[in-house]
Amino acid sequence: MASPAEQEKGMQIFLDVFRRADKNDDNALSLDEFKSFFADGVLNVEELEKLFHDIDTHNTNNIDTGELCTYFSQHLGPFRGIFAALEDLSLSISNAMQVTAKDYPNGSFYEKFATRFLLKEVLSQLQALQHPVDTASDHMEQDALKDRPETSQVELVESGPSTTAGWVRRRARQQQYATQTSLPYEGISGLVAQVDRLQALVDELQHKVKIDPVDEEIVQENDDNTVVLVCRKLSVDDSKDKAFRSSLRTYVEALANVDGCLK
C-alpha cells in the first residue's frame, strides 16, 4: 500500500526519481545506488551516508519509495505547488503531442499554421521559465562549493556533454537519460526532454512541403474557350528535393493523359 506521502500531489515525480536511481530494479535503494544518484558535487561520502541513514527511517539499510517521498515531502516548502504543476504539465504535454502527431497531417492550411505557432509558443514559455531556475541553481551551487575543499566532494562520473545548465545538466550527464524509458511523470529532467521532443516535432512539421494559399479567379464552367491556369508556390526542404521532383514529374505525366489538360 502506498504511503500517505506517495499519494500527495507532485509525488509521482519522486517515484520516477526512485525508479531512475534503482539501477537493479529491486524496488529498494542501496547505499551505493543512493550515493551514485544523489552525488551533487558538493556533499562528500560521509555526508551522503548520513543523509542515506536519515532517510532510511525503517533502518533496513535500504530506502523504499515511501521513505524517499516522505523525506522530500517534508522539504518541498514553496516548491510543492511547482512539483504538482510539473506533474500535470508533463502529462498535458505528452497528451498534446500524441494528438498533434495524429491530427496535424489532416488539418487545413491555417489549422497547421496555428498548430506550429502554438508549439513554438509552448517552447518559448517553457524556456523562459527555465532561465531563472538555471540562474538560481548555478548561484546556489557556486555558493555551496565556495568554502568546501575540492578533495572532499564525491566525484561525478561524466557521461558526455550536455547543453542543459545547472543541476539538470549534472543529472543529465550522470544518469544518461537516453537509456531511460519514457513515463508521463519525469520531473524537471523529463520536462526538458519533453521540450526537446516538442522542438523536434516543430522542426519536422516545418520541414515538410508547404503550399501557400492561392487566390483563384472564378471562371464560367463549360466554357470551351477558357483556359484555366493555376499556379502553386512550393517550398521544399533540400533533402527532399530529389524525391519531390520525381513525384512532380510523375504527376505532370499523368495529367498529360487527362482530357482537357494541356499537353
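Tally the residues that are among the β-branched types (Val, Ile, Thr) and modelled with pLDDT of 95 or more, restricting the search to the stretch 45-56.
Total meeting the criteria: 1.
Given Val17, Val42, which one is open to solvent by less than 30 Å² (accessible area, probe 1.4 Å), modelled with pLDDT of 90 or more and closer than 22 Å to Met140 by Cβ?
Residue meeting the stated conditions: Val17.
Of all residues in the stretch 127-142, count the ones that are of a type in the set (Asp, Glu) and more than 20 Å from the chain's Cα centre (by Cα).
Looking only at that region, the number is 2.
Output the residue which, of all residues in the stretch 95-133 that are open to solvent by less than 50 Å² (accessible area, probe 1.4 Å), out of contact with any Ser or Thr (no Cβ under 8 Å at 6 or more places or on another chain) and in contact (Cβ under 8 Å) with a residue 40 or more places away in the chain, is nearest to Phe14 (Cα to Cα).
Leu126
Residue-wise test of (1) more than 28 Å from Asp32 (Cα to Cα); (2) modelled with pLDDT of 55 or more; (3) not acidic (Asp, Glu).
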{"site": "Phe113", "(1), (2), (3)": "yes, yes, yes"}
{"site": "Arg116", "(1), (2), (3)": "yes, yes, yes"}
{"site": "Gln125", "(1), (2), (3)": "yes, yes, yes"}
{"site": "Pro132", "(1), (2), (3)": "yes, yes, yes"}
{"site": "Ala136", "(1), (2), (3)": "yes, yes, yes"}
{"site": "Met140", "(1), (2), (3)": "no, yes, yes"}
{"site": "Gln153", "(1), (2), (3)": "no, yes, yes"}
{"site": "Ser182", "(1), (2), (3)": "no, no, yes"}
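The values are calculated or read from the model by the stated rules, or taken from the named source; none is laboratory data. Remember, predicted model here, so these are calculated numbers, not experimental data. Note that we place each Cβ from the backbone using ideal geometry, even for glycine, and neighbour counts take in every protein chain shown. Just the protein is used for accessible areas: all its heavy atoms, side chains included, with ligands, DNA and RNA removed. Shrake-Rupley method; radii C 1.70, N 1.55, O 1.52, S 1.80 Å.
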